[in-house]
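Inspection log for the structure reproduced underneath, given as structure tokens.
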Amino acid sequence: MMDKLSNVLLPIAEKLSKNRYLTAIRDGFVSIMPLVITASLFTLINSVFVGEGHYFDQWFGAPCNDFAKIGSVISSASMSIMAVLLVFTTAKALANEYKMDTSVAGATAVVCFLCLTPFVSDAKIGEYVTTYYLGAAGMFTAFISALISVELMRFLLGFKALVIKMPESVPTGIARSFNAIIPVALTVIIFAILRIITDAIGAPLNDLIFNWIQTPFTAIVSSPVGLIVIYVLYMLLWGFGIHSAYIFNPILEPIYLASLAINEAAITSGTAATEIITKPFIDSVAFMGGAGNMLALVIAIFIVSKRDDYKVIGKLGFVPALFNISEPLMFGLPVVMNPILIIPMILTTLAGLGIGALATQIGIMAHTYVLIPWTTPPVISAFLATGGDIMSGVIGLLILVVSVLIYIPFVKVMNKEGIESIEE
């Protein structure tokens with residue numbers, strides 16, 4: 001059964017992991033992570049400690065208000081223009097794959113993205129763009145603009161007649177810029193024409209992409225059925241020794257980041273968060289100790305395992321698992337290619353997602369709106385990602401306990417396997 005399944009899944013997984021577009025999206029997303037985490041932490045500080053009516057504000061007053069303004073500025077300057085950041089970093093990553101001038105490609109992609117973005121004219125302040133189109137709602141438009149603009153430039157640069165040749169005496173950097181003038185101009189013109197066409201039909205392309213692609217796709221990957229399918233496949237691939245994050249994260253994390261941005265904007269404006277499935281939510285309830293809730297497996301080994309090899313590896317893997325690094329256990333026990341342990345790895349992931357989503361839906365667990373580092377220890381991560389909500393930490397602890405209980409019977413089965421191997 002495992003062999004048949006691996007023959008089907010492994011070729012697909014290999015192709016996805018090597019897809020240059022998914023790789024570019026992943027690398028573009030990784031590039032902005034420090035900024036997003038910084039903005040999220042300031043949102044946490046503002047909403048829990050220094051914002052109006054919170055702890056430090058009641059004690060210190062005006063200085064806290066000034067500090068809150070700093071956090072608000074940082075949040076607006078990063079989360080509100082997330083699509084602009086992503087269009088540049090994604091285009092730069094793809095251009096680097098093609099050995100193109102990454103700065104020119106990134107800058108051109110930003111202009112192409114803005115060509116598709118509606119500008120508002122005001123008699124007093126001139127033209128401006130609302131941050132609605134530059135933030136989470138513009139994320140898919142950003143990815144499409146980045147990938148297509150780079151491909152267009154690459155295609156046009158292939159025609160020698162369109163490349164301006166400069167004398168050898170001209171510095172290399174300046175020569176590269178002149179080489180790309182005509183391809184860049186044609187690329188931008190194509191996007192501008194597309195904008196005019198969509199304006200003629202009365203709907204900005206951003207809105208069409210958001211309504212026809214981004215919203216339905218978000219609904220699918222965040223639905224109960226979608227989550228089950230995705231994370232069963234996610235853990236199965238891990239079971240075959242494939243690092244699933246390289247395949248799924250470029251697809252899922254932009255969606256979950258957009259949902260996080262919606263929650264963050266709601267909390268900042270003083271309204272209720274609405275999105276359950278976000279990146280920190282997934283990390284807090286389904287990746288306790290890394291993929292497959294490996295921290296729960298370590299605890300189960302400490303409680304019921306009679307195998308000396310498991311106990312030794314469990315001790316070695318405990319500290320990494322505290323910081324959500326699962327590889328020592330995945331390949332050390334191993335969990336990889338071990339049908340007995342792959343089953344609870346899937347079950348604990350689904351149990352964590354189910355308990356967390358239900359608890360959030362009924363109001364026991366708060367919505368996540370703070371993007372914390374993925375290495376934040378379990379339980380603490382749920383507490384911090386929800387802005388310091390104690391019950392969210394309690395739910396995190398409950399999920400960890402349930403995961404340990406799920407692993408225990410399977411660890412006992414491995415005890416028998418260990419005895420049988422010794423007797424042989």
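The values are calculated or read from the model by the stated rules, or taken from the named source; none is laboratory data. Source: prediction; values computed, not measured. Using ideal geometry, Cβ is built from the backbone for each residue, glycine included, and neighbour counts are taken over all protein chains shown. Only protein heavy atoms, including side chains, enter the accessible area calculation; ligands, DNA and RNA are left aside. Shrake-Rupley method; radii C 1.70, N 1.55, O 1.52, S 1.80 Å.
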### Message
Looking at the range 7-20, can you tell me whether even one residue there is modelled with pLDDT of 80 or more and either assigned by the TED database to the domain that holds ALA265 or under 20 Å from the mean Cα position of the chain (by Cα) (or both)?
### Response
yes
### Summary
Within the range 79-107, restricting to residues that are open to solvent by 10 Å² or more (accessible area, probe 1.4 Å) and polar (S, T, N, Q), the one that is farthest from ASN179 (Cα to Cα) is SER80
### Residue in the range 298-310 that is surrounded by the most Cβ atoms within 10 Å (Cβ to Cβ), counting only those that are at pLDDT 90 or above and more than 12 Å from MET414 (Cβ to Cβ)
VAL298
## Note on the structure
Of the conditions (1) under 27 Å from the mean Cα position of the chain (by Cα); (2) more than 16 Å from MET235 (Cα to Cα), the single one that PRO344 does not satisfy is (2)
### Message
Return the residues of the range 274-297 that are open to solvent by 10 Å² or more (accessible area, probe 1.4 Å) and part of a loop (DSSP other than H, G, I, E, B); say none if nothing qualifies.
### Response
THR274, GLU275, ILE276, ILE277, PHE287
## Note on the structure
Among the residues of the range 187-199, the number that are open to solvent by 40 Å² or more (accessible area, probe 1.4 Å) and either within 30 Å of VAL163 (Cβ to Cβ) or under 22 Å from the mean Cα position of the chain (by Cα) (or both) is 7
### Query
Which of (1) modelled with pLDDT under 80; (2) within 30 Å of ILE276 (Cα to Cα) is the odd one out, the single condition SER169 does not satisfy?
(2)
### Message
On the basis of being in a helix (DSSP H, G or I), out of contact with any Pro (no Cβ under 7 Å at 6 or more places or on another chain) and open to solvent by 50 Å² or more (accessible area, probe 1.4 Å), does ILE251 make the cut?
### Response
yes
### Message
Looking at the range 200-231 only, could you name the residues that are assigned to a helix (DSSP H, G or I), of a type in the set (Val, Ile, Thr) and open to solvent by 40 Å² or more (accessible area, probe 1.4 Å)?
### Response
ILE213, THR215, ILE220, VAL225, ILE228, VAL229
### Message
Looking for something at pLDDT 80 or above and open to solvent by 50 Å² or more (accessible area, probe 1.4 Å) - is there at least one such residue anywhere in the range 54-65?
### Response
no
### Task
Would you mind telling me which numbered condition in (1) in a helix (DSSP H, G or I); (2) of a type outside the set (Lys, Arg); (3) touching a Ser or Thr at 6+ places or on another chain (Cβ under 9 Å) GLU127 fails?
(1)
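Here is a yes/no grid of residues against (1) at pLDDT 90 or above; (2) surrounded by fewer than 18 Cβ atoms within 10 Å (Cβ to Cβ); (3) within 24 Å of the chain's Cα centre (by Cα):
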position: PHE140; (1), (2), (3): no, no, yes
position: SER145; (1), (2), (3): yes, no, yes
position: PHE155; (1), (2), (3): yes, yes, no
position: PHE159; (1), (2), (3): no, yes, no
### Query
Taking the range 298-312, which residues are not in a helix (DSSP H, G or I) and not charged (D, E, K, R)?
SER305
## Note on the structure
the range 314-424: helices (runs of 4 or more DSSP H) wholly inside it with 2 or more residues that are in contact with a Ser or Thr (Cβ under 9 Å, 6 or more places away or on another chain) and either touching a residue at least 40 places away in the same chain (Cβ under 8 Å) or not small (Gly, Ala, Ser) (or both) are 339-361, 380-385, 390-423
